[in-house]
Each structure stands twice: as structure tokens, then as C-alpha cells.
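The values are calculated or read from the model by the stated rules, or taken from the named source; none is laboratory data. From a predicted model like this one, the values you see are computed outputs, not experimental measurements. Using ideal geometry, Cβ is built from the backbone for each residue, glycine included, and neighbour counts are taken over all protein chains shown. Each accessible area value is taken on the protein alone, full model and side chains, heavy atoms only, with ligands, DNA and RNA left out. Shrake-Rupley method; radii C 1.70, N 1.55, O 1.52, S 1.80 Å.
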Amino acid sequence: MNSFKRSSLSLCISSAMVGLAGFSPVSLAEEADKTKLEVIEVTARKRVENVQEVPVSVSALQGENLEAYSSAGMDIRFMSARIPSLAVESSFGRSFPRFYIRGLGNTDFDLNASQPVSYVVDDVVQENPILKGFPVFDVERVEVLRGPQGTLFGRNTPAGLVKFDSVKPSQIFDGYAAISYGSRGSIDSSAAFGGGLTDNLSVRISGLHQSKDDYIDNRAVGFEQADQQGGYEENAARIQFLYEGNDFTALFNYHFRDLDGSPITFHPNIATPGSNKIRSGFKSDVVYQDAGQFATQQVETQGSSLKLEWDFSQHTLTSITAWESAEIYSRADVDGGYNGFPPAGDPNAVWWGAQTADEIPDHEQYTQELRLASNFSGKLNYQVGVFYFSEELTINTYDFYTRDANSTPADPEHGAQNGESTQFQDTTAWAVFGSVDYDVSDDLSVTVGLRYSDDEKKFTAELIDHPFIPGPDGGNFSESVNPSDSHVSWDISSNYKITPDMNWYARIANSFRAPSVQGRVLYDQNVSVADSETITSYETGIKSDILDGAGRLNASVYYFNMDNQQLTAVGGSANSNTLLNADTTKGYGIELDSEFIVSENIIATFNISYNKTEIDQPGLAVATCGSGTCTVTDPTFQVPGGFGPITMAYIDGNSLPNSPEWISNLTLSYAKEIGDGEFFIHSDLTYRSEVDFFLYRAKEFEGESLVELGARTGYNWIMGDNEYEISAFVRNLTDEQVIIGGVDFNNNSGMVNEERFFGAEFKVSFF
């Protein structure tokens, strides 16, 4: 690895990093100074700025480095715990990621779930959770903005923003091709190339193919099948055209994704009763499921955008028009077990089976942003703009009969069906926004931002002919709601240059999340609405370059107060999602991000964050596990229910679900020139502390702390006009497995993190 790659590596690692595949080679004469860290540029405020001078807590990732994190088919969850205050999880698997920043997120598993962390790709907000699982390849920059971002960015950003920018076309011909092979027959390949078509028009085409063999055996009596689940095949591509005139540019982007694989695997009674330890004899590659043969997950997404920019010397006018679409069919044996003829005492037995499927047959999202930004050379600059969002969404949820080994389903391909519920949701939102930057002096700058947002939903939930639902309509149900709200978001920030290498910043910001609706009425005939949540956040920090440019040390502290936080009571005996608002949620924490050139051959990074959240509403209670077998540690009481008493738990004072208090990441990178190339070793150690899976606390549903060690080593060399690299990698080197999620409606089902994974990769970059 030449010294360009080492310095670029240091740039990425400093923020805890992602393995990305973009590449911008330079000649040896242009190589950066090995003794100094490179400047990191971000677009956190929709203009290019030095990350050290932006009054926002932001981690910027760019380059083609740290491929170990995304090697051999890793999905977007590889970012979790590798960036301060960021956690990512999913109960679907490779689709539907759920993001948490500073403890704020949403555990809702329904397909219209809103999240307080916004996700933006190539300047386009990706609202539906299925859109957020698009694979990462040929990416130029990733930015994670912590804290409310409601002034300049789209919808629903009270927790923060994750922002991806793909590599854009240019007149220079370049590209890469990479392929790796790993455990369980995994193949990960991607490629990109581009260059000028004419003096004004350039193109870039990039694509990805990932696959993995089925490797999970089903050993349920009467349903035995080897290699039944766990595999997938995923294809994705992106094509971009860039036109560059004298005072005008136009960028067109089209992208698609096609995933055919298995959902995440559920295991019954996974925890030893009274603890969060995995039960004795558990094997992650074996299941005992009476509906495992139907497990499938099929995802198709596509979208396009057109970004137009006019340069009027002292102003730039930007228009971004975009369309996105998503389809998914996901079916799983969610109880994880079987109730056919299990042997006595079998932990894989369940007292009633559950197999459900969720589907988006129709989805359309349209967005339009128009923004005018000044380019003055003086002390004052500003941005103003308008934003429009429209989404149409249909969701189907299916319930299926549980059958034993001797029965024949009415539909051999899909199994017999109990009932079906449908949700129709149309969302319309618009906003006007603006911000002003003013340099009070050479050392002090101030920014003030304001945004008015208006949001409206039209929602209908229907239940069709469910045989087990009593009532005057004989298993039919329908309800409509139309929540709407408007809000003024704002922020005030300042940046003060203490020395040429040290900046102090402070920021107060307010944002909101529009009303949310849930109508998963297949099991619980209840449409729930959560009112808007609002947040006010206070933070301050220091950003410093030290050791004569060989080190970087950034630190921040924050406190937030959230009113009417939207919470999701998941599961329980009804296997439902119920939305509610908590009067107040408080949070505070610290974040430290550092990077050092230890020697000519060694670069080290270390980051750590502490995030404390607390629900503040005396008397607020939610239903606990439906089976009654979990060990609840909150104060409880009982209320009458349709199938017997329901245990309720008080959650006042609890932390938020899936919100680890501690997140930390340590990396060490070594590179040395050998022969005509360079040998390199990279290692990383990540840690996240315990998490609760639900709003209530139970010993079986508290995820243990998780430590994962990864390593990547290889050799690269330049030959002719190409650069070649061969490497070997391993993730979760110690093969540590813990429970990472739970299902509480039936028995104590859960999911585990991925086992040890290793492989090798070959890559060529050409220019």
C-alpha cells in the first residue's frame, strides 16, 4: 500500500470507519506528507467545509479504505459501534436497518415505521426503512451528523443524520474491480468505471454482486432439510451522467437493488431462563422450525434523481428532483420453533406456532428540493430553500396456519392462510428553510438556521376475513386516521478559533418528528397514533489538530430534552406494534474521537462515546412478554386480557431500547514497503455495552456486551497503469456470539450476531 493509501487510510479511520470501494489515485510526486494527517472535508451544511471548523458533531468517512468492514457481503450494519454514538440493528436481516444515534432510534418492525435518524443518499432522503438497506459500494464519502439536523435536511432528523455520497463521474478515466471469497461460500464482487464521453459529458457505472450459500439445517421432526436457510443473492447497480457547462451542471443518477435470500433466523427459548446467556447446546446453524421451508426475503428497490446547479457568480441555485420505489416480501417462522411432535423438554418446542409474512406491493416516493446559496467573499453568507415530499405506501401482512408434519396445506407453495391485513398510507410534507452564517471576527463565526415544516398523513387499516377474530363483522375490521402537524425547527451555533489548530464550538438545536401511525391489525385490532415529538439539544466541543499535524483529538458533550417522544411497544401476547408518547425523555453524554500517526509505519485511532437516556413519565407502563416466561425486573401489575391476565411493567426511569451506554472502537494499521509494493496489516476492536431489547426490562431480553475483533492483511503493488491488491481478512476473530434481539409474544425467541467469518480478496484499480 503506497503512502497515498496510508494517509487516506488515516483519514478514514479517524471517524471509526467503513470499508468503501471508491478510489482516486495520485502519482508518487503528489503523495501527502506522511507525517501529517490529511484534511477531512464534509458537506454537513450543504457546502464543502473542513470538518474541524464545522460546529456540528460529525464523523466523516471517505476513501476506499477499511475494506475489512464490508468484505464478503457485509450489509449496512457493519457501521454499528464503529462510529461514536451510532448503533445499527435489524430484525429482518439484510434489509430494514434501524439506526440509533445518541440512544435515539425506533424498534418498530412494521414497514411504515418512521425513524428519528434520517438517511440521505446522494442528496435524497430515503424515508421508508426498506430503502435504507441499499448496499454500500463505490462510495466517496459517508458523514454521520449527531444531534438534531432539522434546519437544512429533510424529514424526521431529531436524533441525527447518516449521509452517503457516491463517487461522481469525471472527465478522468478510472475505476476498479474487486472480488472476494469467504466462509459459507460467500462471494462479494463489485466494480466501477467511468470517464469522459465528450468535453462536457462524463459517465460512471458501478455494480455489485453478493451471494452466500444456505447453511442452516432444519432438524424439526418431519421437516428435516439440510442447508435450508441463511443464504442470499444480491445485485445492485448505479449509473450516473454528469454534464458540466460553463455556469451549469446536471447530474442524473439511476440505481436499483435486487435481493433474494433468507430473513434473519429466529431461535426459540434462546436464553437460559433467568439470564441473558445463550442456552446450553445451542447451535446458530441449526433450527427446529415447522415453517422453515417457507422462509424467504425478496427485495426490489429502484430510484432516480436529477440534480441541476446554476452558478450565478455570487449565488448558486440547486434543484434536486428524485423518485424512489421499494417492494418487499418477507416471510419467517418468527417463533423459531415447532409444535408438531416435539420430544418432551425440547427447548425448540413452542406452545403455539407463528409464521407471518409482510409485503410492500406498492410504494412510490417523490421529493423536490430547490435551494439558493450565496457565494459572497465577505463576512455574510446564507442559504434559503423549499422542500416537498410525497409518499404512497401499501403494506400487506399475512398470518398462516401452523401445521404438523402429516397435514397438507391448502397452498403447497405458501401454506394455508389464516388472514390478511392491509395498510394504506399517503404522506405529504413540505418545508421552507434558511440559514445565515456571519463571521463576527477572524476567530468567531455564528450560524442561525430556521425551518417551517408541515406534515400530513392519510392512513387506513383493514382486516379481511380472519377466522379467529370475533366481532359483529365476522373477522373484518377497518379504521382510518389522518394525523397532521407543523413545526418550526431552529438552531444556533458558533465556532471560535482558540488557536490556528484548535476550535471550540457550541450549538443549540431544535427539531421534531412528525406524527406516526401503526395499524398492524392482524392480531390486535387497534390503530395507534403517536403525536409529534420535539427535541431541544445543547452541545459543545473542542476540535483540535495536535502534535504538529500528526494527531487529531475531538471531544464533545451534550444534553437533550425530548418532549412527547414516540415509543413503540413491540410484541407481547398480541404480537403487535403499539405507538405511544412519553412525556419526557432526557439524554446526555460525551464523545471522543482521536487519530495519531504513531510512526512512519503505524497509524492508531481510538474513539469512545457514553450515551445515557432516561424515560421520565411516572405511571407509564407497557405489556411484557406474552408467554409469561421472561423474568421482568421492572415493577409490574396485571390487567384483564382476552386470554387471561396481562402483565404490565412500569418503564419510568428506563433507558431506551437498543441504546448501549458505551460504544468504543480501537484500530491499529501497519504498512511497510517491501519490494515494489507495500505490505499492510489492519486490526480493529469494537465494543458496545449491554442493551435492552424492549421498553421494559427482563433478564432474558438484555443483550450482553459485545466485543468483536477484526483483522485484514495483504500486499499491494503498482504495475503499469494499474494498482493490484491481494488480501485476507477475518471478522469476529474470537467467534463470540451473544443474543442481539428478541421476540417476546410466544416464547423467549431471539437472534444472535454473526459467527466468525474469514476470506480473501483480489482487487485491481486502474487509471
TODO: Answer yes or no as to whether Ser305 is over 30 Å from Phe757 (Cβ atoms) and in contact with a strand residue (DSSP E or B) (Cβ under 6 Å, 6 or more places away or on another chain).
DONE: yes
TODO: State which residue pairs qualify: first residue closer than 24 Å to Phe164 by Cβ and open to solvent by 60 Å² or more (accessible area, probe 1.4 Å) and inside region 23-50, second residue modelled with pLDDT under 75 and among the aliphatic types (A, V, I, L, M) in any location, beta carbons under 9 Å apart, and separation of 6 or more residues or different chains.
DONE: Val39/Leu11
TODO: State yes or no: is Arg82 within 30 Å of Tyr505 (Cα to Cα), surrounded by fewer than 23 Cβ atoms within 10 Å (Cβ to Cβ) and modelled with pLDDT under 95?
DONE: no
Task: Candidates Leu547, Leu592, Leu580, Leu567, filtered to the one that is more than 25 Å from the chain's Cα centre (by Cα) and in contact (Cβ under 8 Å) with a residue 40 or more places away in the chain - done: Leu547
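Any chance you could count how many residues in region 107-145 are of a type outside the set (A, V, I, L, M, F, W, C), closer than 22 Å to Pro657 by Cβ and open to solvent by less than 10 Å² (accessible area, probe 1.4 Å)?
Restricting attention to region 107-145, the residues satisfying the condition of being of a type outside the set (A, V, I, L, M, F, W, C) are 107-108, 110, 112, 114-116, 118-119, 122-123, 126-129, 132-133, 135, 138, 140-141, 143.
With closer than 22 Å to Pro657 by Cβ added as a condition, the list becomes 107-108, 110, 112, 114-116, 118-119, 127-129, 132-133.
Now restrict to residues that are open to solvent by less than 10 Å² (accessible area, probe 1.4 Å): 108, 110, 115-116, 118-119, 128-129, 132-133.
Residues that pass the stated criteria total 10.
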- [ ] Only residues that are of a type in the set (A, V, I, L, M), open to solvent by less than 50 Å² (accessible area, probe 1.4 Å) and within 29 Å of the chain's Cα centre (by Cα): list them for region 419-465, please.
- [x] Ala429, Ala431, Ala461
Open item on the list: So, in region 231-249, exactly how many residues are in contact (Cβ under 8 Å) with a residue 40 or more places away in the chain, in a strand (DSSP E or B) and either in contact with a strand residue (DSSP E or B) (Cβ under 7 Å, 6 or more places away or on another chain) or open to solvent by less than 60 Å² (accessible area, probe 1.4 Å) (or both)?
Closed with: 10
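What are the residues in region 250-276 that are open to solvent by 50 Å² or more (accessible area, probe 1.4 Å) and part of a loop (DSSP other than H, G, I, E, B), if any? Show your work before the answer.
Keep residues of region 250-276 that are open to solvent by 50 Å² or more (accessible area, probe 1.4 Å), which gives 252, 254, 256, 258, 260, 272-273.
Once the filter is applied, which keeps residues that are open to solvent by 50 Å² or more (accessible area, probe 1.4 Å) and part of a loop (DSSP other than H, G, I, E, B), region 250-276 yields Thr272, Pro273.
Per-residue answers, yes or no, for (1) in a strand (DSSP E or B); (2) open to solvent by 10 Å² or more (accessible area, probe 1.4 Å); (3) out of contact with any Pro (no Cβ under 6 Å at 6 or more places or on another chain); (4) among the acidic types (Asp, Glu):
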{"residue": "Ser489", "(1), (2), (3), (4)": "yes, no, yes, no"}
{"residue": "Tyr496", "(1), (2), (3), (4)": "yes, yes, yes, no"}
{"residue": "Ser511", "(1), (2), (3), (4)": "yes, no, no, no"}
{"residue": "Leu522", "(1), (2), (3), (4)": "no, no, yes, no"}
{"residue": "Gln525", "(1), (2), (3), (4)": "no, yes, yes, no"}
{"residue": "Val529", "(1), (2), (3), (4)": "yes, yes, no, no"}
{"residue": "Thr536", "(1), (2), (3), (4)": "yes, yes, yes, no"}
{"residue": "Thr540", "(1), (2), (3), (4)": "yes, yes, yes, no"}
{"residue": "Val557", "(1), (2), (3), (4)": "yes, yes, yes, no"}
Task: Any chance Tyr650 is open to solvent by 20 Å² or more (accessible area, probe 1.4 Å), in contact (Cβ under 8 Å) with a residue 24 or more places away in the chain and under 30 Å from Ile40 (Cα atoms) - done: no
Open item on the list: So Phe96 ticks every box in (1) closer than 29 Å to Ser189 by Cβ; (2) modelled with pLDDT under 90; (3) assigned to a loop (DSSP other than H, G, I, E, B) but one. Which box is left unticked?
Closed with: (2)
TODO: Hey, could you check region 610-632 for residues that are under 29 Å from Pro273 (Cβ atoms) and part of a strand (DSSP E or B) and say which is modelled with the lowest pLDDT?
DONE: Ala623
TODO: Might you check whether a residue that is modelled with pLDDT under 95 and under 23 Å from Asn112 (Cβ atoms) occurs anywhere in region 527-544?
DONE: yes
Task: Pair list, Cβ < 7 Å and 6+ apart or interchain, from region 171-196 residues that are over 24 Å from Ile239 (Cβ atoms) to residues that are of a type in the set (Val, Ile, Thr) and surrounded by 16 or more Cβ atoms within 10 Å (Cβ to Cβ) - done: Tyr181/Ile187
Open item on the list: Need pairs with beta-carbon distance below 6 Å; first residue more than 12 Å from Tyr538 (Cα to Cα) and within region 483-498, second of a type in the set (S, T, N, Q) and part of a loop (DSSP other than H, G, I, E, B); sequence gap 6+ or separate chains.
Closed with: Asp485/Ser532; Ser489/Thr151
- [ ] Specify which of the listed residues (Leu380, Leu317, Leu370) is touching a Leu at 6+ places or on another chain (Cβ under 7 Å), at pLDDT 95 or above, open to solvent by 10 Å² or more (accessible area, probe 1.4 Å) and closer than 30 Å to Val436 by Cβ.
- [x] Leu317
Open item on the list: Every residue in region 286-310 that is open to solvent by 20 Å² or more (accessible area, probe 1.4 Å), over 19 Å from Leu259 (Cα atoms), at pLDDT 95 or above and not basic (Lys, Arg), please.
Closed with: Leu306, Leu308, Glu309, Trp310
Open item on the list: I'd like to know if region 509-516 contains one or more residues that are at pLDDT 90 or above and under 30 Å from Asp545 (Cβ atoms).
Closed with: yes
TODO: Evaluate the following for Ser189: is it open to solvent by less than 20 Å² (accessible area, probe 1.4 Å) and either polar (S, T, N, Q) or not in a strand (DSSP E or B) (or both)?
DONE: no
Task: In region 679-727, residue surrounded by the most Cβ atoms within 10 Å (Cβ to Cβ) [restricted to those that are of a type outside the set (A, V, I, L, M, F, W, C) and in contact with a helix residue (DSSP H, G or I) (Cβ under 8 Å, 6 or more places away or on another chain)] - done: His682
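Say we look at region 713-767 and pick out the residues that are aromatic (Phe, Trp, Tyr) and under 28 Å from the mean Cα position of the chain (by Cα); which of these is farthest from Lys277 (Cα to Cα)? Before the answer, list the steps.
In the first step, residues of region 713-767 are kept if they are aromatic (Phe, Trp, Tyr); the result is 715, 717, 724, 729, 745, 757-758, 762, 766-767.
After this cut, where a residue has to be under 28 Å from the mean Cα position of the chain (by Cα) as well, the list is 729, 745, 757-758, 762.
On the way: Phe729: 29, Phe745: 20, Phe757: 22, Phe758: 26, Phe762: 39 Å.
It comes out as Phe762.
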